[in-house]
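Colleague: Pasting a structure below so you can have a look.
The values are calculated or read from the model by the stated rules, or taken from the named source; none is laboratory data. Keep in mind that this is a model prediction, so the values were computed, not measured. All Cβ positions, glycine included, derive from the backbone under ideal geometry; neighbour counts span all protein chains shown. Protein only, heavy atoms only, side chains kept; ligands, DNA and RNA dropped before computing areas. Shrake-Rupley method; radii C 1.70, N 1.55, O 1.52, S 1.80 Å.
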Amino acid sequence: MQSRFWRHILVSITVFFLAGSVWVMHSPSALAYDNPDLLPKFFTPVVDLAKSLPDPQEEKLVKDIEQFETDTGWKLRVLTQYDRTPGRAVINYWGLDDKSILLVADSRGGNILSFSVGDAVYDLLPRTFWIELQTRFGNLYFVREQGEDQAILQALDSVKGCLLKGGCNVVPGLPREQWILTLISSIIGGIICGFAAQPRTEGQVFAWQWALIFSPLWGILFLAFGIGPVVTRTSDWLPVFRNVSGFFIGALVAFLSPVFNRPSSDTSS
C-alpha cells in the first residue's frame, strides 16, 4: 500500500515536470524575431497589431503616454500582437533605454501581459512588482471579465501612479479575491493561536507559553499573510478591521471548543 502511494507521488511529479518543460519550450518569446515591416512608418507609442484597443481608446492612450513622458521623462510603450510580432525591431523603433517600460500584450499564452523594463525603473519598481502586476491584470480570469483593453489600461495606470509617487514595492489596490485569501489566512492564524492557548493543567486559564511557542506560525499567517498584504496595498481600514475580527473570532472559537465538546452532566438517574 505504501509503495503504491509513493509510486503515485513519483508519477505525479514526473508529469508535472514534463508538462512544465513542454510549456517552456513552446511558450512564444515576445521579442524573439526582428520584423520591422510590421511597425508603422510614423512614430506612435502604441502599436496595436492585435487590435485589442478600440480606436478612440487607442487615441486617448497615445495622448496620455505622450503627456506622461513630457511631464516625467519615463517612456511607456505598448505593443499588442497575436500571429506576428515585430520582435526586437521595436528596440530601434522606440529607442528603448534605461527609462523605458514596454508592455507586450499577447493572448497566445496563459497570461497575456509581459514587460520589458529598463534598468533605471527597477530602482523604483522592483521585480516582484512586475510579477504581481502581470499576475493581477494579465490572468485569463481578469481578461475574460474585463477584456484585454482593460488589462492593458489598468496595468499602465498602476505603473504611472507608482512612478508619480516615487515608486512602489507592491501593486496598489486590493482585489476582492486577494482580500479573501488574507481573511482566510487571518482566521487560520487565529484558530492556531486559540488551540495553542487552551489550558492544559488544572486551574490554568490561558496557556500563554504554548501560544508563545506557536507564535511564529500564527504570527506569520496573521501578520505577514493576513494584515501585511492589506496595509501595503490600501489605506482603507475596513479590510483591516475584518481581518483582525476574523483572527479573534477564530481564536475564540478554537479556545472555547473544549467547552462545546464537553458532555453535559446527566443529573437524572
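Colleague: Here are some residues: V159, V171. Which one is within 30 Å of Q67 (Cβ to Cβ), at pLDDT below 95 and β-branched (V, I, T)?
Modeller: None of the others qualify; the one that does is V171.
Colleague: Quick one: is V78 crowded, with 16+ Cβ neighbours inside 10 Å, modelled with pLDDT of 95 or more and within 27 Å of L124 (Cα to Cα)?
Modeller: The answer is yes for V78.
Colleague: Next up: Take the range 204-231 and flag every residue that is in a helix (DSSP H, G or I) and among the polar types (S, T, N, Q).
Modeller: Q209, S215
Colleague: Return the residue satisfying two criteria in turn: it lies in the range 142-177 and is in contact with a Gly (Cβ under 8 Å, 6 or more places away or on another chain) and outside any loop (DSSP other than H, G, I, E, B), and of such residues it is most open to solvent (accessible area, probe 1.4 Å).
Modeller: Here the residue is S158.
Colleague: I need every pair where a residue in the range 215-230 that is over 11 Å from G190 (Cα atoms) and open to solvent by 50 Å² or more (accessible area, probe 1.4 Å) has its Cβ under 6 Å from the Cβ of a residue that is assigned to a helix (DSSP H, G or I) and not charged (D, E, K, R), sequence separation at least 6 or different chains.
Modeller: Close Cβ pairs satisfying both conditions: F225/S185.
Colleague: Filtering the range 86-141 down to residues that are touching an Asp or Glu at 6+ places or on another chain (Cβ under 7 Å) and charged (D, E, K, R), which residue is surrounded by the fewest Cβ atoms within 10 Å (Cβ to Cβ)?
Modeller: Result: D119.
Colleague: Test F42 against the stated conditions and say whether it is modelled with pLDDT of 90 or more, more than 22 Å from V159 (Cβ to Cβ) and open to solvent by 60 Å² or more (accessible area, probe 1.4 Å).
Modeller: Yes.
Colleague: Anything in the range 81-97 that is assigned to a loop (DSSP other than H, G, I, E, B) and either among the aromatic types (F, W, Y) or modelled with pLDDT of 95 or more (or both)? List them, or say none.
Modeller: Y82 - this is the single residue of the range 81-97 that is assigned to a loop (DSSP other than H, G, I, E, B) and either among the aromatic types (F, W, Y) or modelled with pLDDT of 95 or more (or both).
Colleague: While we're looking at this one, here's another question. Which residue pairs have Cβ atoms closer than 7 Å, lie 6 or more positions apart in sequence or on different chains, and pair a first residue in the range 126-137 that is without any contact (Cβ under 8 Å) to a residue 60 or more places away in the chain with a second residue that is of a type in the set (S, T, Y) and crowded, with 18+ Cβ neighbours inside 10 Å?
Modeller: L133/S158; Q134/S114
Colleague: State whether the residues of the range 61-68 include one that is of a type outside the set (S, T, N, Q) and either part of a loop (DSSP other than H, G, I, E, B) or within 22 Å of the chain's Cα centre (by Cα) (or both).
Modeller: Within the range 61-68 (the criterion being of a type outside the set (S, T, N, Q) and either part of a loop (DSSP other than H, G, I, E, B) or within 22 Å of the chain's Cα centre (by Cα) (or both)), the answer is no, since none of the residues qualifies.
Colleague: While we're on this one: Of all the residues that make up the range 232-243, how many are in a helix (DSSP H, G or I) and surrounded by 15 or more Cβ atoms within 10 Å (Cβ to Cβ)?
Modeller: Of the residues in that region, 4 qualify.
Colleague: In this structure, is Q198 touching a residue at least 12 places away in the same chain (Cβ under 8 Å), part of a loop (DSSP other than H, G, I, E, B) and open to solvent by 30 Å² or more (accessible area, probe 1.4 Å)?
Modeller: The answer is yes for Q198.
Colleague: Let me ask something additional. Just checking, does the range 185-193 include any residue being of a type outside the set (K, R), surrounded by fewer than 17 Cβ atoms within 10 Å (Cβ to Cβ) and in a helix (DSSP H, G or I)?
Modeller: Looking through the range 185-193, none of the residues is of a type outside the set (K, R), surrounded by fewer than 17 Cβ atoms within 10 Å (Cβ to Cβ) and in a helix (DSSP H, G or I).
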